[in-house]
Amino acid sequence: MSRALHQGPPTDAWAGSSGHHSEPESLGGDLLAPLQVRQSASALRLSILSRQENLGPGHIETAQGLDNLAITYVALGRLHEAAVFQARALEIRDQALGPENSETLRSVEQLADTYSSLGRYANALPLRVRALATIERSVGSKHPKFASSLNDLAANYVELSEFERALALQTQALTITEHALGSTHPATARSLNDLALTHSELGQYDKSLPLYLRPLAIR
């Protein structure tokens, strides 16, 4: 999945030439950063309106502008509005590129991530299911990318307290990851830890303990 969406605006732009500044200058930079992000949001809105007028509301470049606007709103902490822009960008890509396109998949995953950040796991769920199905059709069910998507869906089920469903997905993801990447790969260690946590949530400590210990043995 794409995570770049959740990164805030860079701070280096407001640093002095030496990279250090006094306390008053630092405070000024802290106040200036949100202002510049808001100005960026306003400029992006105008840009999108221009694109819609010149290219049409369903043009793929409009979708890219909406994505950029969503990133800016995330930086402002306005995730609800970011989700609206992302949903519209997904709608455009679905129509312009088709549901199997990699850019459409990226939109699906980004919107799911934003819903998850908002605690809207019920809204994220069908997007996680869709992403998993798309990835399976693209790379097959033995690929590490498919395993990663399984883990994303499992994490969604964990947040919905559907631990048995999460457990089945995580077990499948671990098998794929270990077979594809090996037992000493960091992704395998993460899968082991996720599976152990879910067993613990179910009170199955006799099953979780060996899973917790395996990454330690790898190190």
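Descriptive notes on the structure:
This table checks each residue for (1) over 13 Å from N151 (Cβ atoms); (2) open to solvent by 20 Å² or more (accessible area, probe 1.4 Å).
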{"site": "T177", "(1), (2)": "no, no"}
{"site": "A189", "(1), (2)": "no, yes"}
{"site": "L192", "(1), (2)": "no, no"}
{"site": "L195", "(1), (2)": "no, no"}
{"site": "E201", "(1), (2)": "yes, yes"}
{"site": "Y205", "(1), (2)": "yes, yes"}
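- Residue within segment 121-129 that is over 30 Å from G98 (Cα atoms), under 23 Å from the mean Cα position of the chain (by Cα) and without any contact (Cβ under 8 Å) to a residue 24 or more places away in the chain present: no
- Residue match in segment 102-118 (condition: within 27 Å of R137 (Cβ to Cβ), open to solvent by 40 Å² or more (accessible area, probe 1.4 Å), hydrophobic (A, V, I, L, M, F, W, C) and touching a residue at least 12 places away in the same chain (Cβ under 8 Å)): no
- Where D67 falls short, out of the listed (1) modelled with pLDDT of 95 or more; (2) closer than 23 Å to K145 by Cβ: (1)
- Of the residues examined, G98 is not one that is open to solvent by 40 Å² or more (accessible area, probe 1.4 Å), of a type in the set (G, A, S) and free of Cβ contacts under 8 Å to residues at least 12 places away in the same chain.
- A124 vs. criteria small (G, A, S), over 17 Å from D67 (Cα atoms) and in a helix (DSSP H, G or I): yes
The values are calculated or read from the model by the stated rules, or taken from the named source; none is laboratory data. Given the structure is predicted, the values throughout are model-derived calculations rather than measurements. Glycine gets a Cβ as well: all are built from the backbone with ideal geometry, and neighbour counts include every protein chain shown. Surface accessibility is based on the protein's heavy atoms, side chains included, excluding ligands, DNA and RNA. Shrake-Rupley method; radii C 1.70, N 1.55, O 1.52, S 1.80 Å.
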